[in-house]
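Data block below; observations after.
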Amino acid sequence: MKTKIRYINSQWASDNQQGGWFTPREAARQDGKIVGRIDVKALCKELARVISELEEDGYEVMQIIDVTSGKFDFRSNVPVAIDPPYAGGYGYSFTEGLIVVAKKAVS
């Protein structure tokens, strides 16, 4: 059995995209991209392209696995000597990409 594995990297959403749990005005930005929000339309489009390519080459998609990553930050405005220290933090996870596993279709 011949197997192919393809990785699809996701991208941050651009400023002109709407939706999600915050608006672009409230969102943190880096290089014109909304940090923490994946461009789902682009990811779906790339997934469809990869699946179509694999099928044209005679492969059958067996599994699509999401790769999840995360980011976090922590800040404190008081000395650590205060017990308990008052601080704040946040964290979130996002889809880093997709792994597509396919096998050569039997004729």
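Read the figures in this text as sums done on the coordinates, not as results from a lab. Here the structure is a predicted model, which means the values were calculated and not measured. Methodologically, a virtual Cβ is constructed for each residue, glycine included, from the backbone with ideal geometry; neighbour enumeration extends over all protein chains shown.
Protection proxy ranking for 63-71, 38-46, using the average of other Cβ atoms within 10 Å per residue and placing the highest first: 38-46, 63-71.
Net charge near SER93: determine it from the other residues with C-beta under 11 Å of the C-beta of SER93, scoring Lys and Arg +1 and Asp and Glu -1. Neighbourhood net charge equals -1.
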